Amino acid sequence: QVQVVESGGGSVQAGGSLRLSCSFSGGTFSRYAMGWFRQVPGKEREFVAAISWSGVTTNYADFVKGRFTISRDNGKNTVYLQMNSLKPEDTAVYYCAADPFIGVEAREYDYWGQGTQVTVSS
């Protein structure tokens, strides 16, 4: 069925930028809300951003507002997370997720990617 695959992670200096991509397959992309989550060792997986199937509605965690932007291209079956003004605290494995309904809780999403590492150095 549905599969999602993240890419674009890497290592950057604090204050730098990075764009993550998530490729979707196995379903009708325009019928799924998409979310980004992140997880660091010893911590719970936390919400970063989400976007509705139409792209009209977006939600952001407070710690990324004004710095990160989620977007989607339904023609390419791809969702993006543009990350600017990165901080060392942003270091984590970032996961892409898909679900018919938009949400801010990890438990609400049915399909998950393998994750991509983002490392921000000071």
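Scanning the range 66-79 for residues that are farther than 15 Å from PHE37 by Cβ and not in a loop (DSSP other than H, G, I, E, B) gives THR69, SER71, ARG72, ASP73, THR78. For the range 81-105, filtered to residues that are in a strand (DSSP E or B) and touching a Lys or Arg at 6+ places or on another chain (Cβ under 6 Å), the residue that is most open to solvent (accessible area, probe 1.4 Å) is GLN82. Restricted to the range 55-65, and to residues there that are at pLDDT 95 or above and in a loop (DSSP other than H, G, I, E, B), the residue that is farthest from ALA98 (Cα to Cα) is ALA61. Among residues of the range 20-45 that are free of Cβ contacts under 8 Å to residues at least 40 places away in the same chain, those with a beta-carbon under 8 Å from a residue that is open to solvent by 40 Å² or more (accessible area, probe 1.4 Å) and part of a strand (DSSP E or B) at least six positions away or on a different chain give the pairs GLY26/GLN3.
Taken together, the residues in the range 20-54 that are assigned to a strand (DSSP E or B), within 13 Å of ASP90 (Cα to Cα) and open to solvent by 40 Å² or more (accessible area, probe 1.4 Å) amount to 2. Applying a threshold of 8 Å to beta carbon distances and a minimum spacing of six or more residues, or different chains, the list of pairs starting in the range 49-60 at a residue that is among the hydroxyl-bearing types (Ser, Thr, Tyr) and ending at one that is open to solvent by 30 Å² or more (accessible area, probe 1.4 Å) and not in a strand (DSSP E or B) reads SER52/ILE102; SER54/SER30; THR57/ILE102.
Determine which member of the set THR78, THR119, THR69 is surrounded by fewer than 20 Cβ atoms within 10 Å (Cβ to Cβ) and over 20 Å from SER23 (Cα atoms).
Result: THR119 is the single residue among THR78, THR119, THR69 that is surrounded by fewer than 20 Cβ atoms within 10 Å (Cβ to Cβ) and over 20 Å from SER23 (Cα atoms).
For the range 57-66, which positions are open to solvent by 60 Å² or more (accessible area, probe 1.4 Å) and among the small types (Gly, Ala, Ser)? Within the range 57-66, GLY66 is the sole residue that qualifies.
Of the residues contained in the range 10-18, none is found to be crowded, with 19+ Cβ neighbours inside 10 Å and in a loop (DSSP other than H, G, I, E, B).
Listed by first and then second residue, the pairs linking a residue in the range 92-105 that is within 16 Å of GLU44 (Cα to Cα) to a residue that is among the charged types (D, E, K, R) and buried (at least 18 other Cβ atoms within 10 Å of the Cβ), with Cβ atoms under 6 Å apart and 6 or more places separating them unless they lie on different chains, are ALA92/ARG38; TYR94/ARG38; CYS96/GLU6.
The values are calculated or read from the model by the stated rules, or taken from the named source; none is laboratory data. As the structure is a prediction and not an experimental result, all values here were calculated from the model. Neighbour counts run over all protein chains shown; Cβ positions are idealised from the backbone, glycine included. Note: areas computed on protein heavy atoms with side chains; ligands, DNA, RNA excluded. Shrake-Rupley method; radii C 1.70, N 1.55, O 1.52, S 1.80 Å.
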